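These notes are about the structure you will find just below.
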Amino acid sequence: MKAKMWMASSMVLVMALSACSNGGSNNETDSTGSNNGAAANQSNAGEGNANEPAKTGDDLAYEKVTEPITVNIGFRAPDDKLPEGETNDNNIVSRYLESVTGIKVGHTWEAKGEDPFKQKVNLAIASNDLPDALVVDRNQLRKLVDNDMIEDLTEVYEKYGSQLVKDMYDSTDGLALADASVDDKLYGLPNVAIEADAPSLLWIRQDWLDKLKLTPPKTIADLEKIADAFANQDPDGNGKKDTVGLTGDKMVVFGQKPNPNGFDTIFSAFHAFPKNWIKDASGNVVYGSIQPENKEALELLADWYKRGIIDPQFALYKETQEPIVANKTGLFFGPWWMPYWPLADSVVNDTKADWKAYAAPTDESGKFVTHMAPVTDRYLVVRKGYEHPEAVVKLLNAFTRLERRQDPNAEEVKKLDDFAAETGVHVRNFYPFDLLLDYSDAVVQRYDNVQKAIRGEIDPNTFDPDTKLVYDFSLAEKENPKKNMDAWKAAKAYELGGGVLFQTEMEKVYSVFYGMTRTMETKWTTLEKLENETFLKIIVGDLPVSAFDDFVAQWNKLGGEQITKEVAEIASGK
Amino acid sequence: MVGYNSVRNRIIDGSILAALFLITIACLIPLLHTVAVSFSDKTAADAGRVFLTPIKATTASYAKVLDDGQFFKAFLISVERVLLGGLINFVLTIMMAFALSKDAKQFPMRNVYMWFLVFTMLFNGGVIPWFMTIKTYGLLDSIWALVLPHAVQVFNVILLMNFFRNLPKELNEAAEIDGAGPWYVMIRLYIPLSLPSIATVTLFSIVFHWNSFFDGLVLMSKQDHYPLQTYIQTLVTQISAQAMTSMSPDELAAAMAVSNRTFNAAKIIVSMIPILIIYPFIQRFFIHGITLGSVKE
Amino acid sequence: MYTRKNALHYHAMVLPGIILLLLFSVVPMGYAVIAFQNFKPGRGISGSEWIGLENFQYLMELPDSRLIFFNTIFLAVLKIIANLIVPLVFALLLNEVRVRFLRKSIQTIVYLPHFISWVLLATIFFDVFSLEGIVNQALGLFGIDPVLFYASNSWFPAIIVATDVWKEFGFNAIVYLAALTGINPALYEAASMDGASRFKQLWHVTLPGVKTTVILLATLALGNVMNANFDQIFNMYNPLVYQSADIIDTYVYRVGLNDLQYSLGTAVGLLKSVVSFILVVLSYVLASRFAGYRIF
């Protein structure tokens, strides 16, 4: 869910590019290598390459395979409705990728949605019947490595990985690849998360604030006052008591990459970092969720829930964004990309909605504190014994190049863009693997560049296509506010979300450990369930706040203590 | 005296009827409500203003269902499953029920088989072993994976068996003296005499196949192969987050005009239709079909 | 001895079904030995480590397992009781109706919910019990504040039981109605002659007439004590009410399929099967000993 939602952002970029340019190919960070390589590859494609010397670098990375290869994959099917005649495994996107790589992709199975996909992967693991390649999560990667079911990709990646892919992995200072490696063997090609996705900002309806004559919040007390006013003083002015205060999600906190409605920021304002492994005052590795600071946050939230400051229905929504989209709330937490979704829907439903983002509430000393996310959380793996692991890497090269707008086949790319524009289908959803790579500081950089260009400090023509698009959208939005929703989404996400991230001095807290330990393997899910349920129950008043202490004791007893030891060992060993 | 009694009786009758009327209404309200929602305008449905009559009646949701290719694919798969599964159940149930209706003197292994059936009804290996078994047989993603594991409906066998046991023994004996074999007895004597019961268990097996969702979820590899209930179970909001990002406000407005609440209600109604069609025809057999399935020794 | 010669034919009639059951029910049970292993998919069953009852021991330590066993039995028993009483009352009421057409129409309607799947009903009920749903609308007429039924651990079990009764009472009444039609009309006539009121007739004729049926049904229901209905709960519950509605079957599903704990999930399922089997044997024995009925 999470990942797909985020995708919304670049999706728009893909969409609209067809309108304003035809897929330029200059990129400030990395251009010559990949473009030349691709061009060389194109000219070679017809001639065959038997008599050429062994190729290296991008020549090899983008080279079309000579003999047809088939990769059978587990496919995460999107919601997009393809036109008549197109299918999930045979459509304009798959045909294009096959035409550039020479690799045919078959679907061993498909699943739609996060849980069904996860279950299909788990069934495939359980029955030791993996497709040739698929995307797994951290837990599953661990299981697969343990069971010796997947290929070591170290050499294949070294040899066949494109410069672009390598550059983006390098932008994480090696963290991404290290995360997918065990004993220096690379077992999966990880995605690269955008750093900006971790902090959860406070989104507020400015028009409601103005109407009730309130000022933007800094502290927790400010937030409480605003939420109370939003719930009780009829901010939407329809004379009915149909608004709520702060909304939440039944997950309570997301811990790493938040979706809308996590309470992460409230916890970190108390210097509590649930779901993260942190170092305590004396430097010991401890689990964030069982630290006493959580109790203060929970006490506050439980009190708010009781007093109706938090949406009383928050745990019930099937889709957490319901109150936001329906404009029942003017206050929630969410990462920088909220304007893409769900805020665009809120604005469509009520054009008066004027959302703003704030890095609030702050801690006692006035500082905004946030946990960070792991650099990666999904991994492309190859079944042990599959003959063509290089084909998987080549597919990744090909669709990453396309995704990052560096594909030299301008004509074909234009066709894809037109197709997307006509049908509303998202090209990226039909890449064989749901695994997107980007530079990890892309959002903040882009915001900065766009603002500079708007101020005339730099020339927008030097921008890479993604940045150029944000720039164009930002100009369009300035001229005709809320006219073109695509422009609104991109412009506002960067201006509001990106802007706050860029301007705010934050205290960033990194988890010291994201993996799985031996004991975690059997006990973690139980502990996690205990934790999630305890937090939720305390907030909704099913358990008293004092139950937190019982939870800590039980957590330790049920294996938490042992796991903490193991994590400390691994973390200090690094 | 008599007058007093009859007045009193009438009052009692009246209150009984009133109570039954209320009970019947209670059975219908959720269903009627769903029908009303399915014919209502989206905004009214979302605001919860629809009760038992549609507000701003529209058939937009049904038009959308008719336009939903996957819904119909799933619908057809369910029909196929019901036909195939129902037929297999029909044949096996009758054969097994007939043989097992004999006592241990006539059919020495009878009790062994019987306990075996009960055992299989209660024990199962769980989802993972079940999945691995079907995979081993190479049946994943095929209609047979939905049909064969449920080929024997133990409960139906027991029901029909008990009905057979209640048929007069003389029937069997007389026929056998005339030299008729057991197949003949089953087909020519037992089946014609048990039509209500057979109709009843057949309805049960049809309904079972129509209503199953979980096996489709686990055993089908592509959602194009999901039967209807599985499809409905996994329904995610049609206007997804991603789709929204790319729609223009006009498109969005059009899409939003048919909300998921009304759309889903329409899907629910359409998926009930087959049951609603078959049910009244077979319903009248129930009372005769299901005598308390048991025999007094 | 004359009859024995047909045994071969009987075997032939049973065998196709038995073979299918062997293939699709017994073979998977073979795989269930992973309950006694630390199952590693990469190594398969033969290569995985045998750990005896360790999974079961771990199960006993889990606070979850007490909860899910309690929830399962609690919900199942409530359902059994409600499903014995409500259909009986309904059948008794219906039995008083002499107009055939009315009887038939009522029956047709009340049987209907039995045939609708929980997938569909769950969606319908979610709507019905939501904050804007018709139940809360109705409560609103009496000035009662809306209740969050699906979020409340005190309401949710009641909803589970109530919706189950709603779905099944009509259908369950069939057995009672059959028993009621079986009561000799002469008994009513005699009672009527003696001047017995309708309540007296109910008490002295009707109820004794269905007593054995009630007892028998109660005995048979014993086999369902571990069965709180996966289809219903899986489609209706949510994380907020795991506390009160998470049952063995849903737990097994989540642990095995979502959490990759194959062995643990299988162990829980196995435990449930064993207990159920014992209960069914018990109910079989009780029914045949005390009511003189052979169920199968």
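The values are calculated or read from the model by the stated rules, or taken from the named source; none is laboratory data. Since the model is a prediction, treat every value here as computed from it, not as a measurement. Note: ideal-geometry Cβ built from the backbone for every residue, glycine included; neighbour counts use all protein chains shown. Heavy atoms of the whole protein, side chains included, go into the accessibility calculation; ligands, DNA and RNA do not. Shrake-Rupley method; radii C 1.70, N 1.55, O 1.52, S 1.80 Å.
What the table shows:
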| item | result |
| --- | --- |
| Per-residue ³J(HN,Hα) for the stretch A:334-342, Karplus 6.51 cos²θ - 1.76 cosθ + 1.60, θ = phi - 60°, Hz, x for Gly and Pro | x, x, 4, 8, 3, x, 4, 6, x |
| Value of [θ]222 nm, deg cm²/dmol, for chain A, DSSP H segments ≥ 4, -39500 (n - 2.57) each, nearest 500 | -13000 deg cm²/dmol |
| Centroid-to-centroid separation of the stretch B:143-203 and the stretch B:9-51 [C-alpha atoms, Å] | 40 Å |
| For the stretch A:212-330: span of alpha carbons on each principal axis (Å, largest first) | 54, 30, 22 |
| Geometric extent, Cα atoms of the protein assembly as shown - Rg, Dmax (angstrom) | 32.7, 117 |
| Whole-Hz ³J(HN,Hα) from phi, Karplus 6.51 cos²θ - 1.76 cosθ + 1.60, for the stretch C:119-135, glycine and proline x | 4, 6, 4, 4, 5, 5, 5, 4, 5, 4, 9, 6, 4, 8, x, 5, 5 |
| A:ASP303 accessible area, assembled protein chains, probe 1.4 Å, Å² | 50 Å² |
| Spatial separation of Cα centroids for the stretch C:30-92 and the stretch A:449-470, in angstrom | 61 Å |
| Derived scalar couplings ³J(HN,Hα) [the stretch C:13-26; Karplus, 6.51 cos²θ - 1.76 cosθ + 1.60; whole Hz; x for Gly, Pro] | 6, 7, 4, x, x, 4, 5, 4, 5, 4, 5, 9, 10, 7 |
| 0 to 90° range, to nearest 10: angle between helix A:32-45 axis and chain A longest Cα axis | 40 degrees |
| Fraction of beta bridges assigned by DSSP in the protein assembly as shown that are antiparallel (%, nearest 5) | 65 percent |
| Share of alpha-carbon pairs per 10 Å distance bin for the stretch C:1-52, given as whole % | 22, 27, 20, 16, 12, 3 |
| Sparsely packed trypsin sites (Lys or Arg not before Pro) within the stretch A:198-279, loop by DSSP, other Cβ within 10 Å at most 16 | A:LYS213, A:LYS218, A:LYS240, A:LYS241 |
| Built amide H within the under 5 Å cut-off of A:LEU186, gap 5+ | A:LEU153, A:THR154 |
| Residues in the stretch C:20-39 reached by a label modelled at A:GLN562 [backbone nitrogen below 19 Å; 7 Å Cα→Cβ] | C:35-39 |
| Amide H within-cut-off set for A:GLY106, under 5 Å, with H built and near neighbours excluded | A:VAL71, A:ASN72, A:ILE73 |
| Efficiency of FRET between C:TYR188 and B:PHE72 - r from beta-carbon atoms, R0 56 angstrom, step 0.05 | 0.55 |
| Over chain B: helical MRE at 222 nm, DSSP H runs n ≥ 4 each giving -39500 (n - 2.57), nearest 500 | -21500 deg cm²/dmol |
| Accessible surface, 1.4 Å probe, highest first, among residues A:MET251, C:MET226 | A:MET251, C:MET226 |
| Solvent-accessible surface (1.4 angstrom probe) belonging to C:MET236, in square angstrom, nearest 10 | 10 Å² |
| Crossing angle, helix C:207-221 versus chain C [Cα axis fit, 0-90 degrees, rounded to tens] | 10 degrees |
| Between helix B:2-38 and chain B: long-axis angle, C-alpha atoms, 0 to 90°, nearest 10 | 60 degrees |
| Contact order normalised by residue count of chain A, Cα under 8 Å, 6+ apart, percent | 23 percent |
| Mean separation of Cα contacts under 8 Å (6+ apart) over length of chain C, as relative contact order % | 27 percent |
| Dimensions (Å) - chain A, Cα atoms, principal axes, largest first | 76, 59, 45 |
| Sequence of B:THR58, A:THR70, A:THR400 when ordered by accessible area, the most exposed leading, probe 1.4 angstrom | A:THR70, B:THR58, A:THR400 |
| Translational D in µm²/s for the stretch C:82-174 (Stokes-Einstein at 25 °C, 0.890 mPa s, Kirkwood Rh from C-alpha pairs) | 166 µm²/s |
| Surface accessible to a 1.4 Å probe, A:GLU296 within the full protein complex, Å² | 100 Å² |
| Sites A:GLU422 and A:GLN233, calculated FRET efficiency, Cβ-Cβ separation with R0 56 Å, nearest 0.05 | 0.75 |
| Amide hydrogen neighbours beyond the local backbone of A:LYS257, cut-off 5 Å, H modeled | none |
| Sites C:ILE45 and A:LYS55, calculated FRET efficiency, Cβ-Cβ separation with R0 41 Å, nearest 0.05 | 0.35 |
| Percentage relative contact order, chain B, counting C-alpha pairs under 8 Å, at least six apart | 30 percent |
| Translational diffusion coefficient (Stokes-Einstein; Kirkwood radius from C-alpha pairs) of the stretch C:22-101 at 20 °C, 1.002 mPa s, in µm²/s | 124 µm²/s |
| Principal axis dimensions, chain C - Cα atoms, whole angstrom, descending | 79, 75, 31 |
